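**Q** Okay, here's the structure, questions in a sec.
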Amino acid sequence: MKKTYALLLVSFLITSVHAQTTVNRHADIDKMVKSVNQDSMKSYISKMVSFGTRNTLSDIKSKTKGIGAARNWVVSKFNQFAKQNDGRLTAYLDTTTFKPDGKRIDQPTLLGNAVAVLKGTDPNDKRVYVVSGHLDSRVTDVMNRTSNAPGANDDGSGVAGVMEAARIMSQYKFSATIIFVAVGGEEQSLLGSGFMAATAKKEGWNVDAMLNNDMIGSNNSSETQIIDNTRLRVFSEGLPAYDLDKNAKNIRQFGLENDGKSRQLARYVKEVGERYVDQLEVKLIYRNDRFLRGGDHTPFVENGFTAVRITEMNENFEHQHQDLRTENGIRYGDLQEFMDFEYLRKNTGVNIAVLANLAKAPAAPTEVKIDVKNLSNSSFLYWKAPANGSAKGYYVLIRETSSPVWEKKFFTTATELRIPYSKDNYLFAVQSVGSEDNESLPVVPGIGR
């Protein structure tokens with residue numbers, strides 16, 4: 001009887017589903033990624049550097065110097081990109097005033113985020129995807145608002161990547177909405193992103209994923225002198241900062257310490273980024289961010305949204321948060337000449353590939369469950385169709401509990417699947433797959449009884 005059952009199960013797998021090892025590149029997404037232009041991004045960064053300093057506390061009235069001129073210029077570029085579509089891209093400066101805090105704000109400060117919204121084509125699709133870089137810059141003293149602070153890589157590179165993504169992606173249509181933003185006040189304690197994340201929560205935005213790009217254009221490190229433009233880091237939290245107390249029991253009981261939503265997004269960035277960008281390995285870093293510092297994804301994470309930090313593999317501390325100077329033969333300062341624009345091109349391509357794949361895909365499946373009523377060496381998963389978008393089928397993903405990435409994916413057109421892998425030995429997730437093979441974010445199953 002057991003042999004017959006096993007044969008029937010194998011037969012079911014062969015006829016009803018198939019294991020997927022590779023996914024072909026979507027033609028439009030491939031074209032977008034290949035459209036990333038180094039010269040365009042050089043021109044963006046040269047212009048940002050020309051404002052002298054972009055310190056959050058710097059001049060907001062000048063048309064040529066300071067953070068005010070810089071953010072107005074970014075909005076003007078977004079508006080320029082908007083002319084190449086049918087009005088779906090709209091740009092604006094989102095402002096708020098911060099009072100002195102006794103820390104990094106010493107006077108009433110008008111902060112502004114330069115925002116461009118690429119409206120989704122499906123009015124029923126409420127999903128929002130956010131991609132950010134921070135526009136402000138600094139020297140050694142974060143309160144120094146007058147000295148030149150070029151901020152070419154930190155974070156001119158992230159802003160240039162966001163702008164190039166807006167330039168390219170605004171020529172295409174997506175079901176979901178994409179928001180491109182150059183936030184202010186990052187160096188003053190994540191003020192701009194905190195303002196945006198709080199707004200998103202208050203207004204009920206359905207932020208499905210947020211990509212924060214901070215320093216994505218330098219290929220070398222200080223101290224070790226490593227030069228490498230073939231690897232990119234993605235930082236993600238494992239345990240959710242939001243509502244952890246409500247979820248801790250299930251996380252502990254079922255071994256889901258490595259399966260928070262942001263960690264799933266990081267895996268997605270790796271799979272999709274490496275699919276579309278050649279000669280680049282995406283490295284998963286199992287931390288929300290680096291030691292002693294923070295990034296603009298963190299306010300989104302703390303407000304319950306799915307967000308990751310994308311950043312270069314090796315940091316050169318001689319070229320970030322430094323006064324411009326030469327000491328002991330070392331030239332300090334965040335200057336454009338220290339950047340690698342081929343590396344920036346590849347890293348921008350990762351962002352575009354991920355955003356486009358997500359925004360073209362149907363929403364994730366709903367009510368995903370794994371049956372635990374019976375002892376079994378197979379696993380039975382079931383789910384419901386996505387709330388938005390049409391799914392031609394679904395991927396059931398599996399990996400060993402010790403694996404950092406999904407190892408196999410099975411395609412099915414049904415909304416349930418039994419596979420001959422023990423729920424005791426493997427972890428599972430389910431993705432929706434659209435008509436053009438774009439995949440949603442994976443959903444880890446809840447417990448079904």
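**Q** Full-extension gain between Arg252 and Lys384, please, as 0.36 nm times their residue separation minus the C-alpha to C-alpha distance. Intermediate results must be reported in sequence, preceding the final value.
**A** Working: separation 132, 0.36 × 132 = 47.52 nm, distance 2.59 nm.
Working it through step by step, the gained length comes to 44.9 nm.
**Q** Can you work out ³J(HN,Hα) from phi for every residue in the range 182-187, in order, using Karplus 6.51 cos²θ - 1.76 cosθ + 1.60 and θ = phi - 60°, giving whole Hz and x for Gly and Pro?
**A** Calculated HN-Hα couplings, in order: 9, 7, x, x, 5, 5 Hz.
**Q** Explain nothing, just the number: relative contact order of the range 184-323, from Cα pairs under 8 Å at least 6 residues apart, as a whole percent.
**A** So the answer I get is 42 percent.
**Q** Then there's this: With the Cα gyration tensor of the range 208-292 giving a ≥ b ≥ c as the square roots of its eigenvalues, does the rule (a/c under 1.5 for rounded; else a/b larger than b/c for prolate; else oblate) give rounded, prolate or oblate?
**A** On the way: a/c = 2.61, a/b = 1.84, b/c = 1.41.
Here the range 208-292 falls in the prolate category.
**Q** Tell me the label-point distance for the pair Lys202, Leu93, using the 7 Å Cα-to-Cβ offset, in nm and rounded to one decimal.
**A** Distance between the two pseudo-spin positions: 2.0 nm.
**Q** Right, next: Work out, step by step, the length gained on full extension between Asn425 and Tyr242: first 0.36 nm times the residue separation, then minus their alpha carbon distance; give nm to one decimal.
**A** 63.1 nm
**Q** OK, next. What does the charge dipole of the range 151-214 about its Cα centre add up to, to the nearest 20 debye, if the Cβ of each Lys and Arg holds +1 and the Cβ of each Asp and Glu holds -1?
**A** With Lys and Arg at +1 and Asp and Glu at -1, about 360 debye.
**Q** Got the relative contact order for the range 24-85 handy, in percent, Cα pairs under 8 Å and 6 or more residues apart?
**A** 18 percent
**Q** Would you mind putting 153-164, 322-333, 267-278, 59-70 in packing order, based on average other-beta-carbon counts within 10 Å, highest first?
**A** With the highest mean Cβ count within 10 Å placed first, the list reads 153-164, 267-278, 59-70, 322-333.
**Q** So for the range 375-449, what percent of the C-alpha to C-alpha distances run longer than 20 Å? Write out the running numbers ahead of the final one.
**A** Working: 765 of 2775 pairs.
Tail fraction, whole percent: 28.
**Q** Once you order the gyration tensor axes a ≥ b ≥ c over the Cα atoms, which shape class does the range 306-368 get: rounded for a/c under 1.5, otherwise prolate or oblate by comparing a/b with b/c? Intermediate results must be reported in sequence, preceding the final value.
**A** On the way: a/c = 5.09, a/b = 2.89, b/c = 1.76.
It is prolate, given that a/c is not under 1.5 and a/b is the larger ratio.
**Q** Place a point 7 Å from Cα of Asn328 in the direction of its Cβ. Which residues in the range 216-253 have their backbone N less than 18 Å from it?
**A** The answer is 221-226.
**Q** Looking only at the range 166-193, which residues have a backbone nitrogen under 20 Å from a spot 7 Å from the Cα of Lys34 in the C-beta direction?
**A** 166-173
**Q** Right, next: Per residue, how much accessible area does the chain show when a 1.4 Å probe rolls over the protein heavy atoms, in square angstrom?
**A** Spelled out: the 1.4 Å probe surface of the chain, per residue, equals 43 Å².
**Q** For Lys373, give me every one of the aspartates and glutamates with a C-alpha distance below 14 angstrom, ignoring sequence neighbours fewer than eight places off in its own chain.
**A** Correct list for Lys373: Asp424.
**Q** Over the range 70-148, what lengths in whole Å, largest first, do the semi-axes of the equivalent ellipsoid take, defined as the square roots of 5 times the eigenvalues of the alpha-carbon gyration tensor?
**A** 32, 15, 11
**Q** What list of ³J(HN,Hα) couplings, whole Hz, do you get for the range 290-297 from phi and the Karplus terms 6.51, -1.76, 1.60, once you set θ to phi - 60° and write x for glycine and proline?
**A** Result, rounded to whole Hz: 7, 5, 6, 9, x, x, 6, 6.
**Q** What number, in percent, do you get for the relative contact order of the range 136-213 if the mean sequence gap of Cα pairs under 8 Å and at least 6 apart is divided by its residue count?
**A** The value is 28 percent.
**Q** OK, next. With N set to the residue count of the range 234-282, report its C-alpha Rg divided by 2.2 N^0.38 Å to two decimal places.
**A** Against the empirical 2.2 N^0.38 Å value, I get 1.40 for the range 234-282.
**Q** Run down the lysines and flag those whose C-alpha is under 23 Å from the C-alpha of Lys47, throwing out any fewer than 8 positions away in its chain.
**A** Candidates past the 8-residue exclusion: Lys61, Lys63, Lys65, Lys77, Lys83, Lys346.
**Q** What number of lysine-lysine pairs in the range 104-205 show an alpha-carbon separation below 18 angstrom, given a sequence spacing of 8 or more or placement on distinct chains?
**A** 4
**Q** Quote to one decimal, in nm, the extra length available between Lys283 and Lys83 on full extension: 0.36 nm per residue of separation minus the C-alpha distance between them.
**A** 68.3 nm
**Q** Still on this structure, I have one more. Between Lys126 and Lys63, what is the label-to-label distance in nm when each label sits 7 Å out along the Cα-to-Cβ direction?
**A** So the label points at Lys126 and Lys63 sit 4.3 nm apart.
**Q** For the chain, which whole-number percentage of the solvent-accessible area (1.4 Å probe, protein heavy atoms only) is attributable to carbon and sulfur atoms?
**A** 50 percent
**Q** How large is ³J(HN,Hα), in whole Hz, for each residue of the range 100-108 in order, when computed from phi with the Karplus curve 6.51 cos²θ - 1.76 cosθ + 1.60 and θ = phi - 60°, using x for Gly and Pro?
**A** Result, rounded to whole Hz: x, 10, x, 10, 10, 10, 10, 7, x.
**Q** Using modelled amide H (1.01 Å from N, peptide plane; none on Pro or chain starts), what sits under 5 Å from the amide H of Arg399, excluding residues fewer than 5 places away?
**A** Hits under the 5 Å cutoff: Glu407, Leu427.
**Q** Check cross-link reach from Lys392 to the aspartates and glutamates: straight Cα distance under 20 Å, and skip same-chain residues fewer than eight apart.
**A** In chain and number order, the partners are Asp28, Asp122, Asp125, Glu367, Glu416, Glu436, Asp437, Glu439.
**Q** Please give the residues of the range 80-104, grouped as numeric ranges, whose backbone N is less than 14 Å from a label point set 7 Å along the Cα-to-Cβ vector of Met143.
**A** Once the point is set 7 Å along Cα→Cβ of Met143, 100-104 turn out to lie under 14 Å by backbone N, inside the range 80-104.
**Q** Now for a separate question. Would you grab the residues whose amide H sits under 5 Å from the one on Trp205? Only those 5+ places off in sequence or on another chain, please, with H modelled 1.01 Å from N.
**A** none
The values are calculated or read from the model by the stated rules, or taken from the named source; none is laboratory data. If you're wondering where the values come from, they're calculated on a predicted model, not measured in any experiment. FYI the Cβ positions are ideal-geometry reconstructions off the backbone, even for glycines, and counts take in every protein chain you see. Accessible surface is based on the protein model in full, side chains and every heavy atom, while ligands, DNA and RNA are left aside. Shrake-Rupley method; radii C 1.70, N 1.55, O 1.52, S 1.80 Å.
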